[in-house]
Amino acid sequence: MPSRPGEVPEMVRAYVMIKAHSGDAERLRDEITGVEGVDSAYIVAGDVDFIATVSVDETADVKAVAATHIQRLGGIEDTQTYVAMD
């Protein structure tokens with residue numbers, strides 16, 4: 001909520017770590033990026049396969065993006081979500 005008249009509220013930013021079954025990484029990245037609220041998705045090396053950046057209006061919307069939309073994509077194994085505090 002804006003603190004002053006005319007001030008634009010800040011978006012909630014979150015980072016979603018995504019594990020996926022082996023397969024078509026480019027296809028999954030494109031599907032993840034196609035989810036409303038996802039700004040970008042990167043294929044990474046390490047404990048997870050992708051990192052997605054999310055920008056939404058409210059904290060509750062982060063759950064909808066990660067748990068409802070990303071986790072339901074075919075080939076997604078698990079997600080962990082981290083909300084940026086500042």
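Taken together, the values in this text are just the output of simple stated rules run on the coordinates, not laboratory data. The shown structure was predicted, so the numbers you read here are calculated from the model rather than taken from an experiment. For neighbour counting, all protein chains shown are included, and Cβ atoms are generated from backbone atoms with ideal geometry for every residue, glycine included.
If you go through the stretch 21-58 and keep only what is β-branched (Val, Ile, Thr) and touching a strand residue (DSSP E or B) at 6+ places or on another chain (Cβ under 7 Å), you end up with Ile32, Thr33, Val38, Ile43, Val44, Val48, Ile51, Thr53, Val54, Val56. Looking across the stretch 33-53, just one residue is farther than 12 Å from Arg13 by Cβ, surrounded by 15 or more Cβ atoms within 10 Å (Cβ to Cβ) and among the small types (Gly, Ala, Ser), and that is Ala41.
Of all residues in the stretch 33-53, which are β-branched (Val, Ile, Thr) and not in a strand (DSSP E or B)? Answer for the stretch 33-53, where residues must be β-branched (Val, Ile, Thr) and not in a strand (DSSP E or B): Thr33, Val35, Val44, Val48. Could you list, in sequence order, the residues of the stretch 54-72 that are surrounded by 16 or more Cβ atoms within 10 Å (Cβ to Cβ) and outside any helix (DSSP H, G or I)? Of everything in the stretch 54-72, those that are surrounded by 16 or more Cβ atoms within 10 Å (Cβ to Cβ) and outside any helix (DSSP H, G or I) turn out to be Val54, Ser55, Val56.
Does the stretch 73-85 hold any residues that are part of a loop (DSSP other than H, G, I, E, B) and farther than 13 Å from Tyr15 by Cα, and which are they? Break it down stepwise before answering.
Our first condition is that a residue be part of a loop (DSSP other than H, G, I, E, B); within the stretch 73-85, this holds for 73-75, 84-85.
Scanning the stretch 73-85 gives Leu73, Gly74, Gly75.
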